[in-house]
Amino acid sequence: MPVSHSFTSQEASALAEEFLAQGYVVRPVDDRPALDELRDRVVQVACDHLGLPFPDDVSDFLNHFERLVPVEKLNDLRLNTYRKMNAVPWFRPTYFALARSKLEALVGNELAMQNRVNLSIQLPQDDSSLLPIHSDAFGGETPFQVVEWLPLVDCYRTKSMFILPRSANERVLADFTRYENQGMDTLFEDVKDDLVWLDVPYGNVLIFSSNHLHGGVINEEPETRWSMNCRVTGLFTPYTGAEKKLGSFYLPITTRAVTKMGIAYNEPSGFRE
Ligand SMILES: [Fe+2]
């Protein structure tokens with residue numbers, strides 16, 4: 001008899017198990033042509049800013065951006081690209097759609113998404129935009145979130161980011177007070193051998209829990225990193241951070257019909273005795 005023995009599909013269970021063990025998963029995007037189009041738009045915005053024609057080789061253009069823009073002009077370009085992309089009406093829905101199946105399996109199908117998608121550009125040897133080891137939950141972020149992290153070029157070793165897998169993360173957090181005095185540099189040294197440098201080739205998306213210690217170092221590879229990131233959380237989870245509220249920082253994106261109906265429901269007056 002074709003009965004069900006589990007409430008989740010085998011594929012979703014495997015993804016969940018991997019995520020819980022590592023704190024992250026890397027998978028191909030759900031829609032490769034959409035990714036290519038999104039990347040082309042980023043390149044177009046950057047070209048407009050620099051007064052350059054659209055390049056023949058998009059991947060080479062991004063990977064060797066250090067040949068086109070000096071580090072002191074990079075942040076202007078990054079902010080301009082961030083603003084222009086976030087003003088494109090299809091940007092956030094498309095960004096979400098690239099990881100939809102994984103986000104639904106890991107987080108849920110009624111979701112809230114950060115109001116903007118961040119952009120990070122890291123030239124080789126650039127030390128101006130580093131993200132030292134941290135956990136977002138320390139800063140008042142909801143622990144119920146994941147980060148959807150999307151590379152626009154192949155990301156590997158120091159051109160990528162690092163994360164601490166579960167067993168090491170639990171070990172460190174259990175004894176975390178010692179780092180209050182010793183500082184995060186000591187912490188980085190202590191966990192260096194346990195860190196995983198995430199290999200995320202273009203065409204893939206990384207979904208990670210920012211409860212796990214993570215960060216980045218100086219990009220020692222001979223190529224520029226381009227990546228985007230955005231937080232996603234369940235619509236019905238606690239929103240603890242004062243500035244990270246639902247309705248401003250997080251916006252509902254996939255509210256289902258019955259939820260809308262339930263929210264709109266008013267109990268008829270006089271129904272209760
Ligand atoms: Fe973070």
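Being more than 16 Å from the ligand (Cβ to nearest atom), under 23 Å from Lys245 (Cα atoms) and not basic (Lys, Arg) holds for only one residue in Asn75, Asn86, Asn118, and it is Asn86. Please enumerate the residues belonging to the range 76-105 that are over 25 Å from Val26 (Cβ atoms), buried (at least 17 other Cβ atoms within 10 Å of the Cβ) and either among the hydrophobic types (A, V, I, L, M, F, W, C) or in contact (Cβ under 8 Å) with a residue 40 or more places away in the chain (or both). Hit for the range 76-105 is Leu77, nothing else.
Conditions first: (1) surrounded by fewer than 19 Cβ atoms within 10 Å (Cβ to Cβ); (2) away from the ligand (no atom under 15 Å from the Cβ); (3) over 26 Å from Thr224 (Cβ atoms); (4) not aliphatic (A, V, I, L, M). Ser128 passes all but one, so which condition is the exception? Unmet condition: (3).
Conditions tested, residue by residue: (1) within 21 Å of Asp36 (Cβ to Cβ); (2) modelled with pLDDT of 95 or more.
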position	(1), (2)
Glu170	no, no
Asp199	yes, yes
Asn204	yes, yes
Ile207	yes, yes
Pro222	no, yes
Pro238	no, no
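Note on the range 131-159: among residues that are away from the ligand (no atom under 16 Å from the Cβ) and of a type in the set (Val, Ile, Thr), the one that is surrounded by the most Cβ atoms within 10 Å (Cβ to Cβ) is Val153. Condition (residue is of a type outside the set (Asp, Glu), more than 11 Å from the ligand (Cβ to nearest atom), under 29 Å from Asp30 (Cβ atoms) and surrounded by fewer than 20 Cβ atoms within 10 Å (Cβ to Cβ)) applied to the range 164-176: is it met by at least one residue? Within the range 164-176 (the criterion being of a type outside the set (Asp, Glu), more than 11 Å from the ligand (Cβ to nearest atom), under 29 Å from Asp30 (Cβ atoms) and surrounded by fewer than 20 Cβ atoms within 10 Å (Cβ to Cβ)), the answer is yes, since at least one residue qualifies.
Among the residues of the range 199-239 satisfying the criterion of being away from the ligand (no atom under 16 Å from the Cβ) and of a type in the set (S, T, N, Q), which is nearest to Phe65 (Cα to Cα)? Among those residues, the one meeting the criterion is Thr224.
The values are calculated or read from the model by the stated rules, or taken from the named source; none is laboratory data. Only a predicted model underlies this, so the values are computations on that prediction, with no experimental measurement involved. Neighbour counts run over all protein chains shown; Cβ positions are idealised from the backbone, glycine included.
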